[in-house]
1. Return the residues of the range 104-126 that are hydrophobic (A, V, I, L, M, F, W, C) and in contact (Cβ under 8 Å) with a residue 40 or more places away in the chain; say none if nothing qualifies.
2. Using beta carbons and a limit of 6 Å, which pairs, at least six apart or on different chains, have the first residue in the range 335-346 and closer than 12 Å to PHE107 by Cα and part of a helix (DSSP H, G or I) and the second one of a type in the set (Ser, Thr, Tyr) and modelled with pLDDT of 80 or more?
3. Which fully enclosed helices (runs of 4 or more DSSP H) of the range 234-318 have 3 or more residues being in contact (Cβ under 8 Å) with a residue 60 or more places away in the chain and under 23 Å from GLU162 (Cβ atoms)?
4. Identify, by number, the condition in (1) modelled with pLDDT under 85; (2) polar (S, T, N, Q); (3) crowded, with 16+ Cβ neighbours inside 10 Å; (4) under 28 Å from SER275 (Cβ atoms) that GLN32 doesn't meet.
5. Residues that are of a type outside the set (Asp, Glu) and within 30 Å of PHE235 (Cβ to Cβ): find the helices (runs of 4 or more DSSP H) completely inside the range 1-51 holding 3 or more of those.
6. Just to be sure before I move on: is LYS287 charged (D, E, K, R) and farther than 26 Å from ILE27 by Cα in the structure I sent?
7. Given the conditions (1) touching a residue at least 24 places away in the same chain (Cβ under 8 Å); (2) in a helix (DSSP H, G or I), report the number of the one that ALA172 does not fulfil.
8. Is it the case that GLY145 is crowded, with 24+ Cβ neighbours inside 10 Å, in a helix (DSSP H, G or I) and not aliphatic (A, V, I, L, M)?
Amino acid sequence: MATKILSWVKQEIVFVISFLLALVSSIFVIKQGNSIDFFSAIDFRVISILFTLMLIIAGFQSLGVCSFLANKLCCKIKTLRSISLALILLCFFSSMLITNDVALITFVPFAILILKETKNLKFAPIVIVLQTIAANLGSILTPLGNPQNLFLYSKMQINIFEFLKILFPYCAFSFVLILVFNLFIPKEKIENLFSTNNLIYIPKENFKSILIFSILFLCSILTVLNIIPYQIVLFLVLIITLIINKNLFTKADYTLLLTFVCFFIFTNNISNIESIKNFLVNLIHNKDFFVSLITSQIISNVPAALLLQPFSTNLTELLLGVNIGGLGTLIASLASLISFKIYSKEKELKLKQFFITFTLLNIIFLILLILFHLVQKIF
């Protein structure tokens, strides 16, 4: 029992930390004689949008949409380098709409399957690391791409075009870097990548459900853009999920949602503690980018965004800091841990190779994007 609890704590360490921070800060505030309004501290709009997106994407996955598209694309490619690029770009572009973690959950196992089929498993470390980097950097473009973007977009009070304008140069530069680093994969010819038995098809009976989830996904986008109230979309998604496939409720990442709740409570609490509030205000003043980037390396970029947002005077710099800060350490982005978990389950793959490749490439990408940011500020 104790082993299972310890294993769970290790797996959900960010949630455990957020819970302890919320608990300790709440006790401190209450001991000071202040009351806590937990209800007003939580941003239910952000929580609701995240939850509905989780259910919708789980719906698409259960209907075989993601696997079908990946399979169709990769079956038409004949060289190892091209296959690698396709797998990496699948993560890069899909993460803009289905989030970085879902992109990796979907396409990293698919990459391992393809590399096994072609007897090129030795290239798994670099391909999977580049997939991870691609998902983290592709997701920076849109509010839907990752949780920190969704949260900060709701706070920045700008329209979608202004948001895209801020992130597009970084996303475009990242795209070029990914193309360059993919050149390290050998250009070997591959024949008969998949046999007929391995081809993936979507059953005709799934088409109706795919259409319904597509409409719900469009509604979620309109909610992010403040066109449809989140309460309406939440109600529709809950009812339709119950009707189509109630098992999808088990696919949602509830610990991530609870992590958000705990950090909302924690940040609300410390904003009422004058000494801590003043410390964070002084710490981040005119240093939003680098403080958020460094904080992301320690507690990951989603908690960093939640923690620092109330004290930031430049949300654009904070936005860039937590997004670029997703590179670096393995915990800098929670999505990176997903790739690591999937990779570690393959007995044929060596963890040492993954760590070395991950650390080296992440540091290179991080340095290059920091330099790009500094150049952007000059011009």
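1. Residues of the range 104-126 hydrophobic (A, V, I, L, M, F, W, C): 104-105, 107-108, 110-115, 121, 123-124, 126.
Within the range 104-126, LEU104, ILE105, PHE107, VAL108, PHE110, ILE112, ILE114, LEU121, PHE123, ALA124, ILE126 qualify.
2. Listed pairs, sorted by first residue: SER339/THR132.
3. On the way: elements: 254-270, 274-284, 288-299, 301-308.
Per the criteria, 301-308.
4. Only one criterion is unmet by GLN32, namely (3).
5. Working: elements: 2-11, 13-31, 38-41.
Of the helices (runs of 4 or more DSSP H) lying wholly inside the range 1-51, those with at least 3 residues that are of a type outside the set (Asp, Glu) and within 30 Å of PHE235 (Cβ to Cβ) span 13-31, 38-41.
6. yes
7. Going through (1) touching a residue at least 24 places away in the same chain (Cβ under 8 Å); (2) in a helix (DSSP H, G or I) one by one, ALA172 breaks only (1).
8. Details: crowded, with 24+ Cβ neighbours inside 10 Å: yes; in a helix (DSSP H, G or I): no; not aliphatic (A, V, I, L, M): yes.
In short, no.
The values are calculated or read from the model by the stated rules, or taken from the named source; none is laboratory data. The structure presented is a predicted model; accordingly, all values stated were derived computationally and were not measured. Ideal geometry is used to build each Cβ from the backbone, glycine not excepted, and the neighbour counts take in all protein chains shown.
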